[in-house]
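Below is one structure, written out as structure tokens; the observations come after it.
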Amino acid sequence: MDFAGAYSPENLKFLMEGLGMTLYVAFFAIIFSFVIGCFVGVIRYMQIPVLSQVLTVIVEVLRNLPLLLIIFFVQFAVPQISFFGVQFKFTIPVGAIIALTLFEAAMISEIVRAGLKSIPKGQVEAARSSGLGAVQTLWHIVLPQGLRRMVPPLVSQFISLLKDTSLAVIVALAELMHNAQIIMGQNHNYPIPILLLVAMIYFIVNYTLSLISRRLETRTA
């Protein structure tokens, strides 16, 4: 094991560049998947005819596919499909963001739907009987309580998303694990030091998210 050589300034800089790409992809995937997941989850909760059923089928398909397959499909299959004469070709980071967004939005939509359904029906019926419409009841009664209950599973899902960015190494996304593999290939004494450092980096980032989750739970309790 060569810790000194593995932790040279050049290698550390290269790892930090990979971490930057990991956080970049994870950040946009979290934002987009949260927005789409909330939208889909609310529609499924409200049971809007036809649209709700269609979205349910899409969500179930995405939830039961391997993320790696979705990454491959977005990166290699979609560019070969013509949409009204237009072909979409994505850069590797954009393709990774789209694949992660699709997969995580399906997961988040289920968390949102379950969170909203966990609100007692008595509160919903009381709100409706007092004159509030369906949208008003959702906005003023169901969502505020449901969102508080969603915080822990949502943060857990975001942590999983951040870790799942490492799967995009298969399409040569220059994220943390990709750069770590390149460094480990330079010297047979580097793997253990580099893997220990990468594990520590993932732990610090994900543990920070966990602390933020606990703080949000405390503030919204």
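For LYS13, a cut-off of 19 angstrom between C-alpha atoms picks up these aspartates and glutamates, skipping any fewer than 8 places away in its own chain: ASP2, GLU175. Computed 3J(HN,Hα) for segment 64-77, one whole-Hz value per residue from the Karplus formula 6.51 cos²θ - 1.76 cosθ + 1.60 where θ = phi - 60°, is 9, 9, x, 4, 4, 5, 5, 4, 4, 4, 5, 7, 10, 8, glycine and proline marked x.
Would you please classify the overall shape of segment 126-175 from the alpha carbon gyration tensor, given that a ≥ b ≥ c denote the square roots of the eigenvalues, rounded means a/c under 1.5, and beyond that prolate means a/b larger than b/c while oblate covers the rest? It comes out prolate by the Cα gyration axes. Computed over the chain with a Gaussian network model linking Cα atoms closer than 10 Å, the most mobile of PHE27, PHE88, PHE72 is PHE88. Computed from the C-beta positions of ALA172 and LEU147, the FRET efficiency with R₀ = 35 Å rounds to 0.40. Once you have a ≥ b ≥ c as the square roots of the Cα gyration tensor eigenvalues for the chain, tell me rounded if a/c is under 1.5, and otherwise prolate or oblate according to whether a/b is larger than b/c. It is oblate, given that a/c is not under 1.5 and a/b is not larger than b/c.
Counting alpha carbon pairs within less than 8 Å and at least 6 residues apart, what relative contact order, in whole percent, applies to segment 3-220? Please list the in-between numbers first.
Details: 224 pairs, mean separation 66.4, N = 218.
Reported relative contact order: 30 percent.
Estimated purely from DSSP H runs of n ≥ 4, each contributing -39500 (n - 2.57), the mean residue ellipticity at 222 nm for the chain is -24000 deg cm²/dmol once divided by its residues. Accessible surface comparison of TYR190, TYR45, probe 1.4 Å, protein chains only, largest first: the order is TYR45, TYR190. The Cβ shell under 15 Å around MET177 holds other residues with a net charge of -2, Lys and Arg each +1, Asp and Glu each -1. Calculation over all alpha carbon pairs of segment 77-203 in 5 angstrom steps from 0 returns a P(r) of 2, 9, 13, 12, 11, 11, 10, 10, 8, 6, 4, 2, 1, 0, 0 percent. Could you tell me whether segment 24-80 comes out rounded, prolate or oblate from its Cα gyration tensor? Rule is a ≥ b ≥ c as square roots of the eigenvalues, rounded for a/c under 1.5, then prolate if a/b exceeds b/c, otherwise oblate. Judged from the Cα gyration tensor, segment 24-80 comes out oblate (a/c at least 1.5, b/c at or above a/b).
Measure off, as a whole percent, the carbon and sulfur share of the 1.4 Å-probe accessible area of the chain, all protein chains present. Carbon with sulfur: 70 percent of the solvent-accessible area. In this simple spin-label approximation, LYS117 and MET46 carry label points 7 Å from Cα along the Cα→Cβ vector, and these lie 1.8 nm apart. The slack between HIS188 and LEU68, meaning 0.36 nm per residue of separation minus the straight C-alpha distance, is 40.4 nm. Could you compute the net charge surrounding VAL112? Neighbours are other residues with a C-beta less than 14 Å from the C-beta of VAL112; K and R count +1, D and E count -1. Combined, the nearby Lys, Arg, Asp and Glu give +4.
Counting charges near VAL57 (Lys, Arg +1; Asp, Glu -1) among other residues having Cβ under 15 Å from its Cβ returns a value of +1.
The values are calculated or read from the model by the stated rules, or taken from the named source; none is laboratory data. Given the structure is predicted, the values throughout are model-derived calculations rather than measurements. Note that each Cβ is placed from the backbone with ideal geometry, even for glycine, and that neighbours are counted across all protein chains shown. Please note that ligands, DNA and RNA were not included when accessible areas were found on the heavy atoms of the full protein model with its side chains. Shrake-Rupley method; radii C 1.70, N 1.55, O 1.52, S 1.80 Å.
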